[in-house]
Each structure stands twice: as structure tokens, then as C-alpha cells.
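Before anything else, here's the structure in question.
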Protein chains: 2
Amino acid sequence: MRVPELRVMGVDPGLTRCGLGAVEGRPGAPLNLVRVGVVRTPADDEIGARLVAIEAGIEQWLDEVEPDAVAVERVFAQHNLRTVMGTAQASAVAILCASRRGLPVALHTPSEVKAAITGSGTADKQQVGTMVTRLLRLDAMPKPADAADALALAICHVWRGGAQNRLAEAAAKARAASGPRTSAAAYFRGRGGTAGYSRGTST
Amino acid sequence: MRVPELRVMGVDPGLTRCGLGAVEGRPGAPLNLVRVGVVRTPADDEIGARLVAIEAGIEQWLDEVEPDAVAVERVFAQHNLRTVMGTAQASAVAILCASRRGLPVALHTPSEVKAAITGSGTADKQQVGTMVTRLLRLDAMPKPADAADALALAICHVWRGGAQNRLAEAAAKARAASGPRTSAAAYFRGRGGTAGYSRGTST
């Protein structure tokens, strides 16, 4: 049984630079870069104009990239008080745009992403960028760091989705072996349906 | 010279309860209630579904109330860390909805609103609610407090707009007395244009 490819768009939210990056892949196979970039808004524009510009940029990406899921960095109030409000507002726009289309939205913390990509939840930006470059077989590290971080989010999500897929596969096998409708299979089938991309449960 | 009436919609942002309130008036004249209410979203819904529901509620209000301007509470990262992220995200949706329509958006801090309504920047919710009830000549205090706070924001904005109008009037009179194009008149004319509702500068 083959787990289907998943196309994930990652969003590293910010008002001045909102990193966007899309990858395609499945666990255990080489990942492919779909697109990477940044939406920028001028720091001296009004907040309303900035949010409208970010919405337009993300909508265009969603139209053109057509992701199966969107992964957004989870923002915490406790770190970097000066910029956290803008980050929260940009993340709200990204979550809103994806949810309006019925796309599944996943929130991953920075340390979850770092741990998934580098093996360490406290890795620095250089290390994350190096691993993103290697995993996607790129010639150079994506710039700025916000763009590389968006790709790291997307990769993290492909792999975490993959972990769910493997659990779903295991449940499907268990169900096939023990007869129809074990509760574990129903549980994972339910989770797969919610996530919108775990299509490995049918026997 | 008569300052035109201004219809302002206030938004007290929140995910669980987003207070909405619209008033109409001008400084020095009785204010009128246009509408008051709350958009609620279930705390156990996903963040994406909640933001989509808040957007739909605000869009419906903007369609039906047709305000001249929108006043949103300015959110600070330092107070109430537990709920501040949700508040920031709900405020982003309100600012986005208004700005997409080209409506002027004003952000007022809680203490600016309290000072405008009660004379004290440290007034409590009961005092703000009492003054909102009195100023709008209502039979009872609007419930919940989020709804009353949204009306207080709208009232604050009518009066601040009004203060700008009076300055503009004074500048226009000074210009008429001293000949064309004093710098003060140009300054206030410019401000009136930015705010989008200060129409008292022509002589």
C-alpha cells in the first residue's frame, strides 16, 4: 500500500515579511520544492492596508499552488512582545484564508518544526536553513530566513501527516486481519477524514 | 456650519464573544443607537472555523449597518496573556473586513475609550456600561459587557472625530479671517481627508 503524495503550503506569519513555501512528498521518499517566496508589506503602511495585502498574497498562492493542507507557525504571546501582535494578526489572515476554502490547517510550534527538520528543538536558523536546502536538494539556501522557515513548516507537516498515515496503515492492517470495524480502525479513519489527506485506511 | 452625522461601528474583539455596536451622531448632539450585538463562537471549535464565523458575522453587520468608519479596540501584548492571542486574531479579522471595503479604521486603547466616556481612563466596566446606557438613552444596560464596550468604542470615535472637526472649523475660520492658505488650515484639511469624515473645512 502506497501513501499518496501530500502538497503542503507552510506560512511563517509576519507583517513585514510573511514567508510562504510549498513542498510535495510523503514520508520515506525525497521531497520536492513546489514554490517559495515572501509577501512583504511596508512598515509605515496602516495595519488595515497591510492585512489586505497579506490576504491578497496568500489567496494568490492558494489559487496557484492548490495545496492539500496549510501549516502555520503557532504564535505564543510570551516570546518577542514587540512583534507578537503583528505575527498573531498575520497568522489569523493565513488561517482564515485556508479555512474559508475548507483546507485543513495545522499549527506547529517553532520547536516542533526544528525538531522535525534537524533533530533538535533548539536548532538555530542556519541549521534549519541548511537542512531545508539539503532535504529539497536545492543549489542554495532559500532567502530570506522567513521563506526557509515556511518550507521547514511544510516539510514538518508532510512528515507528521506521514506519521499519521503510518498509524492509519497499521490500523487498516489490524482491521483486515481481525475482521471489519475494529474501534482502532474507526478511530484512525475518523482522524484521517478530519486531516483530509490520510487516504490509506481502505483495505 | 453644521458637522455631518457620523455612523460608527465599534468592535470589541474576541473569539468567544466579539462585541459589535453601532451609533450615529456628532459632538454636541444626542447620540443614537443603531444596533448592538455579539458574535459568539464555541471555545472547542478549531481556530480556523472560529475566524471564518467571526468574518461572516462582521461582514453581515457591515452590509446591514453601512458604517462611515469602524473603531476597533487596540490590543496590547502585555495584558491578559492567556487570551491576548485570540483577541489579536479576532481584531485582525475586523480590521481586514473594514479595510477591504475601503472604510477608515481607527484603533482606540481601552483607557482612551474609558476616558472619553466616563472622564476617567481607569473606570470599571460597570461605570462604562452606565454611561453608554445614559448617553444612548437606553432602558437597560446592553449585555454582555462586550456589547456595551463595542458601543463605548463607537461613541469614543464619534467624539474624537468631532474634536477633529471642531479644530478644523477653527482653522477654517482663522483662514477666512487672515486670507487664503494658512499652514494650520492646510494641516487640518489634510487630517480631515485622512480620517475620511471631517468635512467642515470648506469656507
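Pop a pseudo-label 7 angstrom from the Cα along the beta-carbon direction at both residue A:111 and residue A:127 and give the gap in nm to one decimal.
1.3
Amide H of residue B:71: which non-local residues (sequence gap of 5 or more, or other chain) have their own amide H closer than 5 Å, using H built in the peptide plane?
B:9, B:10, B:11, B:106
Right, another one. Apply the Karplus curve 6.51 cos²θ - 1.76 cosθ + 1.60, θ = phi - 60°, to the phi angles in the range B:41-55 and return the couplings in whole Hz, x for Gly and Pro.
Each residue's phi maps through the Karplus curve to give 10, x, 5, 9, 6, 5, 4, x, 5, 5, 5, 5, 5, 5, 4 Hz.
How large is ³J(HN,Hα) for each residue in the range A:128-139, as worked out from phi by the Karplus curve 6.51 cos²θ - 1.76 cosθ + 1.60 (θ = phi - 60°), to whole Hz, x for Gly and Pro?
4, x, 4, 5, 4, 4, 5, 5, 9, 6, 8, 6
What is the calculated FRET efficiency for residue A:64 to residue B:17, with r their C-beta to C-beta distance and R₀ = 35 Å, to the nearest 0.05?
0.40
Equivalent-ellipsoid semi-axes (√(5λ), Cα gyration tensor) for the range B:6-161, whole Å, largest first?
23, 17, 14
Also, quick follow-up: Would you mind classifying the range B:98-150 by shape? Square roots of the alpha carbon gyration tensor eigenvalues, ordered a ≥ b ≥ c; an a/c under 1.5 is rounded, otherwise it is prolate if a/b is larger than b/c and oblate if not.
Oblate.
No lab work stands behind these numbers, since they all come straight from the coordinates. Remember, it's a predicted structure, so these values are computed and weren't measured experimentally. Here Cβ is always computed from backbone atoms with ideal geometry, including for glycine, and neighbour counts include all displayed protein chains.
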